[in-house]
Amino acid sequence: MSTPVPLGRVSLGTALSRAARLLCPRCGRGTLYATFFGMREACPVCGFRYEREPGYFIGAIYLNYAVTVGLAMGLVLVLDWTIGLTLTQQLAIAVPLVSVVPVLFFRWSRSLWLALDHLITRADVRGERHRQSAG
């Protein structure tokens, strides 16, 4: 938290790039995770708080669900269309996918949710302006 970070606008491309690399949406230098599933409370570089309130990452659950369903259904439908699958084969592909993909995509769904929220709401900028006007 020693280096002040300018509160300038972030482009969509920059926000998505930072989300893909699991970096702080504000500064792009701090990491989001301390361990595979353990998310930091705040950025170690700029101090940006990741979780604003209880239930903040509910949207990330929806993102994770959408990616999982899209991937599983898409793959099963494409394979069914191209090579023709029985119901048993479809289930043999879909069930493992819907079990594994949410676990593997967990970190990126939270990162993407955080980046999009930061891009759209700019909560840190509003909070900083409020602190400056009060102090």
- Task: Go through segment 39-72 and give me each residue that's within 27 Å of Arg29 (Cβ to Cβ), open to solvent by less than 80 Å² (accessible area, probe 1.4 Å) and in a loop (DSSP other than H, G, I, E, B).
- Result: Cys43, Pro44, Val45, Cys46, Gly47, Phe48, Tyr50, Arg52, Tyr56, Phe57
- Query: Is there a residue being within 12 Å of Ser109 (Cβ to Cβ) and without any contact (Cβ under 8 Å) to a residue 24 or more places away in the chain anywhere in segment 44-59?
  - Reply: yes
- Note on the structure: A careful count of residues in segment 1-27 that are crowded, with 18+ Cβ neighbours inside 10 Å, modelled with pLDDT of 85 or more and either charged (D, E, K, R) or farther than 18 Å from Ala60 by Cα (or both) gives 3
- Message: I'm checking my understanding of the structure. Among residues of segment 100-120 that are open to solvent by 50 Å² or more (accessible area, probe 1.4 Å) and of a type in the set (Val, Ile, Thr), which one is modelled with the lowest pLDDT?
- Response: Ile120
- Met73 vs. criteria among the aliphatic types (A, V, I, L, M) and in contact with a strand residue (DSSP E or B) (Cβ under 6 Å, 6 or more places away or on another chain): no
- Query: Which of the following residues is in a helix (DSSP H, G or I), modelled with pLDDT under 95, of a type outside the set (S, T, N, Q) and open to solvent by less than 60 Å² (accessible area, probe 1.4 Å): Leu75, Leu97, Leu91?
  - Reply: Leu97
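The values are calculated or read from the model by the stated rules, or taken from the named source; none is laboratory data. Given the structure is predicted, the values throughout are model-derived calculations rather than measurements. Positions of Cβ are generated from backbone atoms using ideal geometry, with glycine treated the same way; all protein chains shown enter the neighbour counts. The protein model used for the area step is the full one, side chains on, heavy atoms only, and it has no ligands, DNA or RNA in it. Shrake-Rupley method; radii C 1.70, N 1.55, O 1.52, S 1.80 Å.
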